[in-house]
Each structure stands twice: as structure tokens, then as C-alpha cells.
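The block underneath contains the structure these notes are about, expressed in C-alpha cells.
The values are calculated or read from the model by the stated rules, or taken from the named source; none is laboratory data. These numbers were taken from a predicted model, which means no experiment stands behind them. Positions of Cβ are backbone-derived with ideal geometry, glycine not excepted, and every protein chain shown enters the neighbour counts.
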Amino acid sequence: MSVPKIVPGVTRLGWVGTGVMGSSMCGHLIAKGFTLTVYNRSRAKAQPLLDRGAAWANSPRLVAQQSDVVFAIVGFPRDVREVFLGAEGIVAGSKAGNIVVDMTTSEPSLAVEIYQAAKPRGVYAVDAPVSGGDIGAREARLSIMIGGDREAVEALHPCWEAMGKTIIHQGPAGSGQHTKMVNQTLIASGMIGVCEALLYAHKAGLDLTSVLQSVAPGAAGSWSLSNLGPRIIANNFDPGFYVEHFIKDMGIALDEANRMGLSLPGLALAKQLYIALQAQGHGRSGTHALQIALAQISGIDWRRR
């Protein structure tokens with residue numbers, strides 16, 4: 001079965017999940033001329049998209065019934081399961097030839113399960129988690145890591161192009177999610193380094209902004225240092241990505257590592273530090289709020305430094 005060509009103004013798109021990331025990503029598709037039907041648990045969060053011409057549906061299943069391609073980006077694997085595989089889910093509302101795309105960071109095994117549930121219906125299922133945070137979503141320069149059948153992945157190119165800059169098909173179903181676990185493992189330990197370095201600079205009496213100007217362009221540079229370092233200095237811990245979601249991701253990666261017989265002590269330490277941060281009431285803060293917990297260990301109130 002061939003995959004229909006995807007064309008703005010002709011192909012009907014659906015979108016489920018209009019949070020920090022999803023709202024911007026969906027908005028880029030509208031800007032490219034696609035017709036969108038959307039659903040979110042809180043309709044108010046979808047209102048800006050409705051104001052731009054998107055139609056509303058009362059469930060993921062109804063979104064799928066009115067769409068040729070449906071994207072979803074939600075919170076946790078349990079949400080993914082409900083949104084895709086529930087009685088009122090996307091797969092139940094899809095017909096042969098449709099494509100369903102999960103852009104949530106979720107379990108590789110669940111991506112395979114969705115693929116296997118969709119295939120007998122003639123529906124293509126793709127897993128495509130992203131990296132780049134709220135900034136990447138707003139600026140349409142996300143890195144998109146994709147698993148699924150090549151013909152469906154290639155057909156979706158006009159949509160990938162609207163949302164991201166780095167678009168790579170990693171392999172069969174679940175491969176996108178495995179790649180995202182690699183990404184999250186890199187970020188977890190890297191964020192500890194960013195926060196500890198800024199804590200050291202503060203205690204040494206250095207000007208933090210000047211320090212960033214010196215170290216960010218060199219070998220120590222990273223996306224987290226350049227993009228989240230200034231937010232840490234400014235005490236802006238608004239979420240580009242929620243702490244509670246990052247803890248979920250690290251848990252998935254550690255579970256997968258356990259199944260593969262891998263020991264990842266750095267990732268395990270990072271997860272424990274983030275759990276401590278969540279216990280301090282920062283589950284809905286951005287991941288860079290780790291600075292607050294690490295500073296507290298040294299008796300420093302970062303926000304009042």
C-alpha cells in the first residue's frame with residue numbers, strides 16, 4: 001500500500017496535545033498552510049490555535065476521523081497509551097492509509113506496540129520524539145528522531161520540515177525513542193556539569209555572565225550551557241521542559257539499560273538529584289532548576305545569592 005502524498009491545503013492534519021512544545025509545533029504546520037483539527041485535555045490551551053483557524057474535536061478518536069495524518073505530543077507513557085490505543089484513541093479513529101505520529105518522549109516498547117496495533121488496520125505508525133526544548137519548538141529548529149516504515153517517514157517530509165532542522169530516520173518502530181534515550185542520557189549528566197560550574201563560579205566571586213562568554217565558545221560549550229546558563233543566572237526557571245517529564249525520561253532510559261544489562265551510574269545519579277529537586281516543589285520547573293537543589297546542598301540560596 002502506497003502512502004498518499006502530503007500537501008498543504010489538501011492533506012488534513014490532526015494534532016493532540018497543545019502544551020509548551022505542541023502549541024508551537026502545531027502552529028508551524030498552520031503557518032505552512034495545512035488544515036488542522038486539534039484536541040487537548042484543556043481546551044483553553046488550544047485556543048490560540050483555534051484563533052488561527054484550527055478546528056476543535058472532542059477526543060483523539062474524533063481528531064483521527066477528521067484527519068489523514070495525526071500527530072500527538074503528550075506527557076507520560078500512560079497518556080500515550082490512552083491517546084493512541086484507548087477506546088477513544090487515535091488508532092481506533094484511523095482508517096487504512098492514515099499515518100499516526102507520536103512525538104512524545106516515551107517507551108520504545110510502547111512505540112512498537114502502537115505500530116503493531118496500527119498495522120493490521122493499514123495504518124502507518126511512526127515514533128518521532130524531539131530535542132531542542134521550547135526554544136527549538138518556537139523557532140522550528142528541533143532535532144527529530146524517527147522510527148517507523150521508511151515510506152511513511154519520507155512522505156511526512158513537508159511536516160518534518162515545518163517543525164525541525166535535523167530530521168533523521170533512525171530505523172524501524174521504536175528506534176526514534178531509543179535515540180531520544182541517548183539524547184536524554186547526554187543531557188542528564190551534562191546539566192549537572194553546567195549547574196556545578198556556575199555554582200563554582202559564583203562561590204569564587206566571578207561575574208557569571210563574563211564566565212559564560214569565556215567558556216561557552218570553547219571545548220566546554222554545549223547547548224545547555226549556552227541556552228540554559230543565562231536563564232540560571234537570571235533566576236528564570238520557567239520550563240522549556242518540565243522536571244517531572246525529565247524524571248520520567250531518565251526512568252525509561254534506566255529501565256531500558258537494565259534490560260540490556262548496562263550500568264549507567266551517571267544517569268542514575270542525575271535521576272536521584274532530580275527527584276530531590278521535585279521533592280522541593282520544582283516538578284513543574286524547567287530542567288535547569290537543578291541549580292536550586294545543587295546550591296542548597298552547599299548551603300546557598302541560589303535565588304537570593
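Annotations for the structure displayed:
- Residue check for Asp134: surrounded by fewer than 21 Cβ atoms within 10 Å (Cβ to Cβ), in contact with a Phe, Trp or Tyr (Cβ under 7 Å, 6 or more places away or on another chain), of a type outside the set (Lys, Arg) and in contact (Cβ under 8 Å) with a residue 24 or more places away in the chain: no
- Just one of the listed residues (Gly251, Gly229, Gly261) is within 19 Å of Phe76 (Cα to Cα) and small (Gly, Ala, Ser), namely Gly251.
- Criterion: of a type in the set (A, V, I, L, M, F, W, C), in contact with a Phe, Trp or Tyr (Cβ under 8 Å, 6 or more places away or on another chain) and not assigned by TED's automatic domain parsing to the domain that holds Pro129 - qualifying residue of Val194, Val243, Val211: Val243
- Residue within segment 225-244 that is within 19 Å of Thr105 (Cβ to Cβ) and small (Gly, Ala, Ser) present: yes
- All conditions in (1) more than 23 Å from Ser23 (Cα to Cα); (2) out of contact with any strand residue (DSSP E or B) (no Cβ under 6 Å at 6 or more places or on another chain) hold for Ala140, with the sole exception of (1).
- The residue that is farthest from Asp134 (Cα to Cα), counting only those in segment 1-42 that are surrounded by fewer than 20 Cβ atoms within 10 Å (Cβ to Cβ) and without any contact (Cβ under 8 Å) to a residue 40 or more places away in the chain, is Val10.
- Residues being modelled with pLDDT under 95 and either within 12 Å of Ala188 (Cα to Cα) or assigned to a strand (DSSP E or B) (or both) are entirely absent from segment 267-284.
- Restricting Val83, Val91, Val74 to those that are buried (at least 21 other Cβ atoms within 10 Å of the Cβ) and either more than 19 Å from the chain's Cα centre (by Cα) or aromatic (Phe, Trp, Tyr) (or both) reduces the list to Val91.
- Candidates in segment 53-71 are the residues that are surrounded by 18 or more Cβ atoms within 10 Å (Cβ to Cβ) and among the aliphatic types (A, V, I, L, M); of these, the one that is nearest to Arg259 (Cα to Cα) is Val70.
- Some residue of segment 99-109 being surrounded by 24 or more Cβ atoms within 10 Å (Cβ to Cβ), charged (D, E, K, R) and touching a strand residue (DSSP E or B) at 6+ places or on another chain (Cβ under 8 Å): yes
- Condition check for Ser222: closer than 15 Å to Ala197 by Cβ, touching a helix residue (DSSP H, G or I) at 6+ places or on another chain (Cβ under 9 Å) and polar (S, T, N, Q): yes
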